[in-house]
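Here the structure is laid out as structure tokens; the discussion comes afterwards.
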Amino acid sequence: FNHVNDLAHIAQKIIDIVQKPFTLQNNMVSIGASIGISLYPNDAEDSEQLFRNADVAMYHAKQLGRNNYQFFTEQMNKEAKARLTNEANLKIGLNQQEFFNVYQPIINTHSNKAVGAELLMRWRHKNEIISPIEFITLAEELGMLIPMTEQAMERGFEQLHLWRKYRPDFYLSVNFSVKHFSHKNLLSSIRSLLNKFNLPATALKIEITESAFIVEPEQAIETMRQLVKMGVLLSLDDFGTGFSSLSYLKQLPLNVIKIDQSFVQGIGLDHKDEAIIEATLVLAQSLGMQCIAEGVETLEQLNYLVSRQCYYIQGYLYSKPLIAEDFIEKLK
Ligand code: C2E
Ligand code: CA
Ligand code: CA
């Protein structure tokens, strides 16, 4: 077993053999294997460490899509350690309420007023504000995103309740991820949160991306139907950037399509982006859905969108995401 090549060969053999389908109670089944390998004395000096490193390598193999083998490297160790630190920090952060909301207005260009706001999460960690891009995926993997979103919605609804005193039809748009749709108590928890702040279901919009359909699409679609039945509105976020399947547009009770900022940025610069925007607008209109353009930063982009009948705008041109105190001041 001293030769790395031999080991690799053996690992692959094990994977191949394990993968062979077999019959179990009249069903064809197959299982997989992910293998991590660490070597003495290069990787560790005792068996305990050797096993730990093999485990790190196996985790890496799983991340690479399973059914493969990986040799342990020091880089993996660094990544595993960083991940552990992040995990611990995230858990502490949730307990110590280090997460807060910012809100970005969505403007109706007819009235030039905000009609709703998107809730975006932020993490204040060691005097630094951390972007959700850095923590949402990990939080989701750790099963923390649902409680985090619940807390965020609670804070958001409290604000929404105030905002609606100035703008009765104001809504809050909340980002949901894949996991939300397999969460058993989703509907009842949303219902009780709405009741707590005396809000109708129509005051809530839920933003989903196409990734929500990767796992158990039927389940996700069913949950969405129930939400809509309750009166909640659904937005399809980042449209055109995912695995865009037009059949979802047909199957889903969607109210809004959000045009992704990557297309908006191409206005005036790339006619392909413009073509995609125009096609999306036509599609939305003929399906009876509203369009919101995201990431609008310039007057040129705004004018382009308005001239093509896209009247709902979100972007730095109007406002960056704001903390609650600033948001209500602007609204007033
Ligand atoms: P998203 O849902 O597509 O949110 C829009 C992002 O675009 C926000 O970034 C917003 O600040 C940014 N943005 C808005 N207008 C402009 C503009 O004019 N120019 C530019 N360059 N950017 C603009 P943010 O807040 O960093 O959020 C990033 C992503 O993190 C979000 O993308 C969303 O996918 C995720 N996220 C944020 N909050 C939550 C949350 O509470 N739950 C979940 N599941 N995901 C969240
Ligand atoms: Ca969004
Ligand atoms: Ca988006």
Packing-based order for 16-26, 205-215, using average beta carbon neighbours within 10 Å, highest first: 205-215, 16-26
Taking every Cα atom in segment 243-332, find the radius of gyration and the maximum pairwise distance Dmax, and write them in Å. 14.4, 42
FRET efficiency, 1/(1 + (r/R0)^6) with R0 56 Å, evaluated for HIS3 and GLU150 via beta carbons: 0.55
What do you get for the angle between helix 132-141 and the principal long axis of the chain? Use alpha-carbon atoms, 0 to 90 degrees, nearest ten. 50 degrees
Quantify how much of the Cα-Cα distance distribution of segment 155-252 extends past 18 Å, in percent. 46 percent
Points 7 angstrom from Cα along the Cβ direction at LYS332 and LYS78: gap in nanometres? 5.1 nm
Viscosity 1.002 mPa s, temperature 20 °C, Stokes-Einstein D of segment 178-332 from Kirkwood C-alpha radius, µm²/s: 127 µm²/s
Tell me, rounded to the nearest percent, the portion of alpha carbon pairs in segment 202-267 spaced more than 21 Å apart. 23 percent
Can you tell me the mean projection area, over all orientations, of the convex hull of segment 62-153's alpha carbons? Units nm², please. 8.9 nm²
Based on a Kirkwood Rh over C-alpha pairs, give the Stokes-Einstein translational diffusion coefficient of the chain at 10 °C and viscosity 1.306 mPa s in µm²/s. 69 µm²/s
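If you roll a 1.4 angstrom probe over the protein chains with everything in place, what fraction of the accessible area of the chain belongs to carbon and sulfur, to the nearest %? Mind showing how you got there, number by number?
On the way: 9610 of 18450 Å².
About 52 percent, which is the carbon plus sulfur part of the accessible surface.
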Pull out the extension gain between GLU325 and THR85, defined as 0.36 nm times the separation in residues minus the alpha carbon to alpha carbon distance; nm, one decimal. 83.2 nm
Are any of the pairs LYS184/LYS258; LYS81/LYS179; LYS272/LYS320; LYS91/LYS179; LYS91/LYS184 more than 20 Å apart by Cα-Cα distance, and if so, which? LYS184/LYS258; LYS81/LYS179; LYS272/LYS320; LYS91/LYS184
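How large is Rg over Rh for segment 243-296, taking Rg from the Cα atoms and Rh as the Kirkwood inverse mean of 1/r across Cα pairs?
That ratio is 0.98, to two decimals.
Using the eigenvalues of the Cα gyration tensor, what equivalent ellipsoid semi-axes result for segment 19-89 when each is taken as the square root of five times the eigenvalue, whole Å, largest first? Before the final figure, lay out the partial values.
Numbers: eigenvalues 172, 51, 19 Å².
Computed over segment 19-89, the values are 29, 16, 10 Å.
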Place a point 7 Å from the Cα of ARG225 along the Cα-to-Cβ direction; which residues of segment 196-217 have their backbone N under 15 Å from it? 217
Distance between Cα centroids, segment 164-211 to segment 216-252: provide it in whole Å. 14 Å
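Place the peptides 138-145, 81-88 in order of packing, highest mean first, counting for every residue the other Cβ atoms within 10 Å and averaging per peptide.
My ranking of the peptides, most packed first, is 138-145, 81-88.
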Stretch gain in nm, segment GLN290-VAL18, where the contour uses 0.36 nm per residue and the Cα spacing is subtracted: 92.9 nm
Order the following by accessible area, largest value first: THR149, THR109, THR298, THR137. Probe radius 1.4 Å; ligands, DNA and RNA are ignored. THR137, THR298, THR109, THR149
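The values are calculated or read from the model by the stated rules, or taken from the named source; none is laboratory data. Keep in mind that this is a model prediction, so the values were computed, not measured. Note that each Cβ is placed from the backbone with ideal geometry, even for glycine, and that neighbours are counted across all protein chains shown. Ligands, DNA and RNA are stripped out before the accessible areas are found, and what is left, the full protein with its side chains, is counted by its heavy atoms. Shrake-Rupley method; radii C 1.70, N 1.55, O 1.52, S 1.80 Å.
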